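Undergrad: Below are the structure tokens for one structure; questions will follow.
Since every read-out is calculated from the coordinates, none of them should be taken as a lab result. Here the structure is a predicted model, which is why all the values come from computation and not from measurement. All Cβ positions, glycine included, derive from the backbone under ideal geometry; neighbour counts span all protein chains shown.
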Amino acid sequence: MEHHQVVIIGSGPAGYTAAIYAARANLKPLLFTGLQPGGQLTITTDVENYPGFPKGVLGPEMMELFRAQSERFGTQIIDGIVTKVDLSKRPFHVVGEGKEYLAETVIIATGASAKWLELPSEKLLSGRGVSACATCDGFFFRNKEVGVVGGGDTAMEEAIFLTKMASKVTIIHRREEFRASKVMLQRARANPKIGWALNQEVIEVLGDKTAGVCGVRTRDTVSGETRQLPIGGLFIAIGHTPNTQLFKGQLAMDEVGYIQVAAGTTKTTVPGVFASGDAADPTYRQAVTAAGTGCMAAIDAERFLSSGGAH
């Protein structure tokens, strides 16, 4: 059974940054890319807020650069998923791609995934006009009317992005108040292509697999009356769920599933296990903060190992 100093689970900005730092500390890390190699940034087109890229950079291209840098310093990368971990004793047991590995330390960088409305009609039409990523799929909705479900910054960003392609974008939100920041809300309100359907809850996506989406049925959250909105596409932007099911019952988490870490560190409740990126961050969830905590996790792991396993 292969024995490693550091096993990193996940490959977004957090996982790759952890790998760069761990590899440079000569810890020869093993990294599993997970279900979505490169993480959420691979479904993002333009990243314009990452320092060092004044003209912006494409999300997938940026993750290729992260990967190349981690490999340059000797990270061993397995393109696959981890299916089981046992964190009850050291060395920890990690099962990935049908093989078992021993790990002196584990760095978790499993990220988060988009939430869905969980409607049967939404599932049926997923990829047929229903999407959770405007930057991936917006291109298919040129000159069509589309809807965006949500009230946070993600929903505003998706709606503004979609106005570049769609003829009209309607933001559908269950309340009248928004979680979105003032600046994003103002930007959306100022956009003449964006319309608003407030106090509306989507109860059914209309259409079929052949023709795609032709509208949504919504219920007024105040009066209870239902109505139909004719649209040719629906984008779900209602937040994210941390990908931490693998560690349930083994690490302390909050009620949503974000892994809890000691303040100012990446230390979890199990000595030798460190959590970074969106899996442990319900607040910021940015590429740059994920990379920062990936760096912290590698340094925390290196200090843990050099102190002979003292937390």
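Undergrad: How far apart, in nanometres, would the label points at Leu58 and Glu100 be if each is projected 7 angstrom from Cα along the Cα-to-Cβ direction?
TA: Taking the two extended label points, one gets 4.3 nm.
Undergrad: Could you derive backbone 3J(HN,Hα) for the range 281-288 from the dihedral phi with the Karplus parameters 6.51, -1.76 and 1.60 (θ = phi - 60°), listing whole Hz in sequence and x where the residue is Gly or Pro?
TA: Taking θ as phi minus 60°, the curve returns 10, x, 9, 9, 6, 10, 4, 6 Hz for the range 281-288.
Undergrad: Just from the alpha-carbon atoms, what are the Rg and Dmax of the chain in angstroms?
TA: 21.3, 65
Undergrad: Report the calculated FRET efficiency for Asp79 and Val288 (r = Cβ-Cβ distance, R0 = 22 Å), to the nearest 0.05.
TA: Working from the Cβ atoms, E equals 0.30.
Undergrad: Within 15 Å, Cβ to Cβ, of Ile203, how many net charges do the neighbouring residues add up to if Lys/Arg are +1 and Asp/Glu are -1?
TA: -1
Undergrad: Suppose a student asked you for the relative contact order of the chain, using Cα pairs under 8 Å spaced at least 6 residues apart; what percent would you report?
TA: 21
Undergrad: Right, here's the next one. What does the extension gain come out to for Asp220 and Lys28, with contour length at 0.36 nm per residue minus their alpha carbon separation?
TA: Computed gain between Asp220 and Lys28 is 63.5 nm.
Undergrad: By how many degrees, 0 to 90 and rounded to 10, does the Cα axis of helix 59-72 deviate from the longest principal axis of the chain?
TA: Helix 59-72 sits roughly 10 degrees off the main axis of the chain.
Undergrad: Starting from the amide H of Ser113, placed 1.01 Å from N in the peptide plane, find each other amide H under 5 Å away whose residue is 5 or more places distant or on another chain.
TA: Thr241, Asn243
Undergrad: In deg cm²/dmol, rounded to 500, what helix-only [θ] at 222 nm does the chain give when every DSSP H run of at least 4 residues adds -39500 (n - 2.57) and the total is split over its residues?
TA: After summing the helix terms and dividing by the residues of the chain, the value is -7000 deg cm²/dmol.
Undergrad: Now a separate question. Order of 133-139, 83-89 by packing, highest average Cβ count within 10 Å first? Don't jump to the answer; show the numbers that get you there.
TA: Details: 133-139: 18.3, 83-89: 13.7.
Going by the mean number of other Cβ atoms within 10 Å, highest first, we get 133-139, 83-89.
Undergrad: To the nearest 10 degrees, how steeply does helix 13-24 sit against the main Cα axis of the chain, on a 0 to 90 scale?
TA: Around 20 degrees separate the two axes.
Undergrad: Also: Count the net charge of all other residues whose Cβ sits under 14 Å from the Cβ of Ile259, scoring Lys and Arg as +1 and Asp and Glu as -1.
TA: Spelling it out: positives minus negatives among the neighbours equals -2.
Undergrad: Tilt of helix 153-162 relative to the longest C-alpha principal axis of the chain, in degrees (0 to 90, nearest 10)?
TA: With rounding to tens, the tilt is 60 degrees.
Undergrad: Assuming 1.002 mPa s and 20 °C, estimate D for the range 116-236 with Stokes-Einstein, Rh taken as the Kirkwood radius over Cα pairs, in µm²/s.
TA: 153
Undergrad: As a footprinting exposure proxy, order Val94, Val169 by other Cβ within 10 Å, with the fewest listed first.
TA: On the way: Val94 24, Val169 30.
Fewest to most other Cβ atoms nearby, the residues stand as Val94, Val169.
Undergrad: OK, next. Which pairs, out of Lys55/Lys164; Lys89/Lys115; Lys99/Lys248; Lys209/Lys248; Lys28/Lys84, put more than 25 Å between their alpha-carbon atoms?
TA: Lys89/Lys115; Lys209/Lys248, as the Cα separations exceed 25 Å there.
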